[in-house]
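Heads up, the thing below is written out as structure tokens.
Throughout, read-outs are computed from the coordinates displayed, never taken from laboratory work. Computed from a predicted structure; not experimentally measured. Every residue, glycine among them, receives a Cβ derived from its backbone with ideal geometry; neighbour counts consider all protein chains shown.
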Amino acid sequence: KIGIVEKISLYPELLDFLTKNQLKFRSLGATALSLAYASYFSFVLILGKTRIFDTVAALTIHQNLYIEKNENFLLLSQDKKIFDIILEFLKNN
């Protein structure tokens, strides 16, 4: 499985981190669609601000996923290990 990262240009250092941790990803450029299909990917990471209706819908649909949301990013994953790896990086950078 691959992950989805939207707005990766906000965190250029994240590119190297994901590569070093062998986390394959794509950037689709469609935040609402990425969030809607989050359960089909290993993770979805939206950097920067999100629209409230996209976020609320994603949090409602994907209550079974690991989720971290703050003013800088929204991270969803069904894999706890991947979730923790990415979350630790984001909190320390």
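Scan (1) within 9 Å of the chain's Cα centre (by Cα); (2) touching a residue at least 40 places away in the same chain (Cβ under 8 Å); (3) closer than 18 Å to residue 18 by Cα for the single condition residue 75 breaks and write down its number.
Status for residue 75: all satisfied but (2).
Can you name the condition, by its number, that residue 35 falls short on among (1) closer than 12 Å to residue 75 by Cβ; (2) free of Cβ contacts under 8 Å to residues at least 40 places away in the same chain?
All conditions pass for residue 35, except number (2).
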